[in-house]
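Below: one structure, written as structure tokens.
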């Protein structure tokens, strides 16, 4: 005998949930700007058409998030700055632990600003030459 489901209920276990990365969302936005249809992009990316349709609508919010996030490439650090940057990292970790204990909201921008402040303070204390490359958190 076939298994019966309650009326109005759905089989949640059959749904496939997965997150869409920001990189994929950027691809979808570019594709929609070039005239790609949600059906085509959904087929190519193995994402439901309805999910594809909502992403271009959130374009401004997604671009704002991507703008505030850390870049996906690495930076080469010269040896003279390594000691100073390592010290900034240690102090930043201590500061973040303290922030986590007190639970204030911390965003990427706040962390970057604190890292810049710590770097500038350490640079003044250690008397590093002002010819050093500017620090970007």
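FYI, it's all coordinate maths here, none of it is from the lab. Keep in mind the model is a prediction, meaning the values are calculated, not measured. When we count neighbours, we look across all protein chains shown, and the Cβ atoms used for this are built from the backbone with ideal geometry, even at glycine.
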Order by protection proxy (mean Cβ within 10 Å, highest first), peptides 33-43, 101-111: 33-43, 101-111
Relative contact order [Cα under 8 Å, 6+ residues apart], the range 19-68, whole percent: 38 percent
The range 15-62: C-alpha gyration tensor shape, a/c 1.5 cut-off, then a/b vs b/c: oblate
